[in-house]
Amino acid sequence: MKTIILRTASTYLLPVLLLFSIFILLRGHYSPGGGFVGGLIASIAFVLHSFARGLDNTKELLRIHPGFLMPVGLALAFLAGVTPVILFDLPFMTGLWYPDHLPVIGSLGSALFFDLGVYLVVVGVTLTIIFTISESA
Amino acid sequence: MLLSILLGFAFSIFLVFTGKFFKGKISILASGIPLALFVYFTQFIGRISNGEVITQQHAWIPSFGVDLGFTLDGLSLLFCLMITGIGFLVFVYTSSYLKNHPYLDRFYGYLSMFMAAMLGLVLSDNLISLFIFWELTSISSFFLIGFNNTNRDSRKSAIIALAVTGIGGLSLLVGALFLGAVTGTYSIAEMLTMNPEIASNPYYILIVILFFGAAFTKSAQFPFHFWLPGAMKAPTPVSTYLHSATMVKAGIYLLLRMTPVLGNHEFWNSTLIIVGAITMVYSAIHTLFRTDLKGILAYSTIAALGILVFLIGQGTMEAITAAAVFIIVHALYKATLFLVTGIIDHQAGTRDTTVLRGLRKVLFPVAIAGFLAAISSAGIPPSIGFIGKELTYESTLHFGNLAILLMALIVITKILLLYAGFVAGIKPFTGALPERFLKTKMPSALLWIPPILLATAGIVFGIFPSLIEGSLVKPLVNSMGLNGEEIHLKIWHGFNVILILSIITIAVGTLLYFLIKPSHKLEAWIAKFEGASPQTLITRSWALFYKFSNSWTNLFQNGYLRNYVSTIMIFLIVLTGYSFFRTATYSVDFNTFSPVTVYEAITSLVMLIAIIYTVFTGSRLAAVAAMGIIGYAICILFVIYSAPDLAMTQFSIDTLTVILFVLVLYKLPKYLKLSDYKMRIRDGILSLAFGTIITLLILEVLAEPISSEVSDYYAQNAYLMAHGKNVVNVILVDFRGADTMIEISVLAIAAIGVFALLKLRLKKSDQR
């Protein structure tokens, strides 16, 4: 599968796909998308890269083991859930919203951080499973 | 109060990151935490003894009635002071006892986690949060018992302790749920007024049994007592702190806390008296046959817990007063004896009572602590132990018809406990010093000051009982809904029956101490009865259960994917099929279906071709690719039926699934025809039946009128309440966010599982 076309294209496809996945993540609250799909797209981007350039290259590019994204994502999602409890004495997982609209992002709320956590966990899980299997098989 | 609980948890998390630097002398700084908490709780003494009850509420999951509600009353205060006070001394002691231990940071982490959980337990007003803290104490106890994790016995004891207390925890949860259903609240404070209603409820007996299950396992009552002697495998500071002074008293705390709610009923009282009496006599007798100092102390701790249960069972004001005093007495002298044992073990290198002698010559301050503790444990004046014993006798003597029988039992127990206290606190220090202990060195002051302080407190409180009378004992009795204003603790009660019994106890106990010497012969003799002990019976039934579940699992989990799939399918066909053909209406109105469009027809056709190709192709790779096509076709159907979110997700998932399949299949041997003609026919019938059932089910579902209440609610409120226009995503991250939280946790666990299964390459020697 290591054709020159794919190899060359993968260099440019990776950032584009990653940007696209973040776009999907951010638009999730208003239109189809969200952390889960975004995470899957980002994983596909990395998997594609590993097909074209070899697993070692992708791992080098990632620097950290994708497994580390799982605890980070879980912690982020959990923090988004407990912040209302700690700061405002509201029940667990109450949505908090920044009152004003921000440029580019729009309205900002704890749900976004929760979704970002989901995104990271999905990337971590998918890549861990796929990398582990392709290494050991 | 929430902060005081969180402090311990925060410190143990802090240690996870800074553990590397937490070595040597710096570790004594950790004891600042329990000290600060102790000081914090002492300032409530004044307000509590004036009858105030301090409460705090934090919303947690209000929709389920689960709050973080905390109550500080007389009962909680006594336990808080014990947890933090003894905790402080144990923290100090540990810094020297485990000096230079490679995992000192872990030890402090578990210890402070335990302390926080225990504080949470005694402060919780909500039964559900009480349950969570209860479980946390079991878990931290598991880690601490198994602290020497290279030792097989330690690991085994840790598992047994966790299993026994864990079953108790489940029993507590079920009991709490029942009680919550009966009373309509989880707040203990709100239940206080409902005692008569609860007692007349048909579920009353069941609820009480469930609560007993929790308390008896935690507080090591017969026949669940056996985990406690095993738990002595833990380092001595743990035995002192968890398994004698605080954690095992959690069961006692629960019984005391629930007495105003569930008590005053014959079943409650008589069960507690019987179980407490059996426990105290049974384990007090066992102390005669032990040679390990810690073994003796373990059994005498169980006996003391039995006495407490026995007293709570009596339930009178006198009995509760006696229990309150005895909790203090026991915490002071038993912790001292454990710390003394730890020092002996640390300095002399053995805990065998048959060889330990004459250590006063080398460990003089320790001998004083041991002596004072033994006095208090024996109930000899002027110690607080004497007052405790007098109160116990007095309340038992006034207890109705069975007073004489109960009196005899308690006197026997007290005699044997006196013996145990003397063997542990006095015997190692008297007599001539054998040669092998000549070189025993005095330990660091950090080791011997804590036991001296505790032992002295036992004597000071005995001489000035007013110190604890108004501040601790009266508020506790008052918080139980009893009137404690008449309590007057004093050493001299006049010359009466109780004093005579006391004199008999002391005389016979002392005589016993001089007559019976602990020996290995006696220990070997009692070991013969091991086969009939509750421990053997229970562990054997566990082994049987283990065997059964093993063969049961092997029956279904035989390692062949095809068998798994067919098992799932067969069960689904049989069970759903059965209930479907019994209840189905078989009325499908085809007129209500919308006409088939060109797009749907084409997609279905593509799917059909892909299915046929998957079934008949001779190449695995081609089969996988064809499966991918089926998946994509489904995505297109989602798009046609306007479910873009689903389609996007399914699209990505299908892509990744195909990649995963290819990765695995790539490495497998060439496609082999493993199944013969008959098997293929069988599999074909099975899949057709499965498909038919599912299709029929869907048609049946369509015939039902659809209730759109839920989806309407989400659609209407998504933007108003959660500021989102994409209802699917709003449900995922907001309305049902807790579900998503758990789902991603499951995902992470699955990934860790895959990683562990594939990366773990056991060495030949480690494989079983």
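Applying the Karplus relation 6.51 cos²θ - 1.76 cosθ + 1.60 with θ = phi - 60° to segment B:730-743 yields 3J(HN,Hα) values of 5, 4, 5, 9, 10, 4, 10, x, 5, 4, 4, 3, 6, 4 Hz, where x marks Gly and Pro.
Per-residue shielding of B:63-69, expressed as the average number of other chain Cβ atoms within 10 Å of the residue Cβ, stands at 1. Relative contact order of chain B: 10 percent, from C-alpha pairs under 8 Å at least 6 residues apart in sequence.
Net charge within 12 Å of B:ILE159 by Cβ-Cβ distance, Lys/Arg positive one each and Asp/Glu negative one each, not counting B:ILE159 itself? Around B:ILE159, the charge tally is +3. Each residue of segment B:621-634 was assigned a 3J(HN,Hα) from its phi angle through the Karplus expression (A = 6.51, B = -1.76, C = 1.60, θ = phi - 60°), giving 4, 5, 4, 5, 4, 5, 4, x, 4, 4, x, 5, 4, 4 Hz with x at Gly and Pro. Spatially, segment B:74-114 and segment B:256-281 are offset by 31 Å when compared through their Cα centroids.
Specify whether the C-alpha gyration tensor of segment B:543-673 places it in the rounded, prolate or oblate class, a ≥ b ≥ c being the square roots of the eigenvalues: rounded for a/c under 1.5, otherwise prolate if a/b is larger than b/c and oblate if not. Judged from the Cα gyration tensor, segment B:543-673 comes out oblate (a/c at least 1.5, b/c at or above a/b).
Just to be sure I follow the definition: excluding the sites themselves, where is the longest run in chain B that has none of the GluC sites (Glu not before Pro) in a DSSP loop with at most 11 other Cβ atoms within 10 Å? Longest site-free region, per DSSP loop and neighbour criteria: B:1-484.
Annotation: lysines with alpha-carbon distance below 26 angstrom to A:LYS59 (same-chain offsets under eight excluded): A:LYS2, B:LYS667, B:LYS759. Counting Cβ atoms of other protein chains within 10 Å of each residue's Cβ and taking the mean over peptide A:35-42 gives 6. Normalised by the number of residues in chain A, the mean separation of alpha-carbon contacts (under 8 Å, six or more apart) gives a relative contact order of 28 percent. According to the square roots a ≥ b ≥ c of the eigenvalues of the Cα gyration tensor, what is the shape class of segment B:390-548, taking rounded for a/c under 1.5, prolate for a/b larger than b/c otherwise, and oblate for the remainder? Cα axes put segment B:390-548 in the oblate bin. Checking every one of the trypsin sites (Lys or Arg not before Pro) in segment B:381-442 against DSSP loop status and a limit of 14 other Cβ atoms within 10 Å picks out B:LYS439, B:LYS441. Computed on segment B:556-708, with alpha-carbon pairs under 8 angstrom and 6+ residues apart, the relative contact order is 30 percent.
Annotation: amide H of B:THR617 has no partner in the under-5 Å range at sequence separation 5 or more or interchain, hydrogens built in the peptide plane. Among the listed pairs B:LYS233/B:LYS334; B:LYS218/B:LYS517; B:LYS249/B:LYS414; B:LYS334/B:LYS439, a Cα-Cα separation exceeding 21 Å is found for B:LYS218/B:LYS517; B:LYS334/B:LYS439. Working ranking of peptides B:328-338, B:748-758, B:254-264 by packing, defined as the average number of other Cβ atoms within 10 Å per residue, highest first, is B:328-338, B:254-264, B:748-758. Local charge for B:GLY358 was computed over the other residues whose Cβ lies under 13 Å away, with Lys and Arg +1 and Asp and Glu -1, and equals +4.
Descending by average beta-carbon neighbour count within 10 Å, the peptides A:52-59, B:112-119 line up as B:112-119, A:52-59, the highest first. Ordering of B:604-614, B:498-508, B:453-463 by packing is B:453-463, B:498-508, B:604-614, highest average first (other Cβ atoms within 10 Å, averaged per residue).
Under the shape rule built on the C-alpha gyration tensor, where the axes satisfy a ≥ b ≥ c, the protein assembly as shown is prolate, since a/c reaches at least 1.5 and a/b is greater than b/c. Mean partner shielding of peptide B:645-654, defined as the number of other chain Cβ atoms within 10 Å of each residue Cβ, is 5.
Converting phi to 3J(HN,Hα) with the Karplus coefficients 6.51, -1.76 and 1.60 and the offset θ = phi - 60°, segment B:486-497 yields 8, 5, 9, 7, 8, 6, 9, 9, x, 8, 8, 3 Hz in sequence order, with x at every glycine or proline.
Readers should treat all values here as calculations from the given coordinates under stated rules, not as data from a laboratory. Because the structure is predicted, anything quoted here is derived from the model rather than measured. A quick note on method: Cβ atoms are made from the backbone with ideal geometry, for glycine too, and the neighbour counts reach across all protein chains shown.
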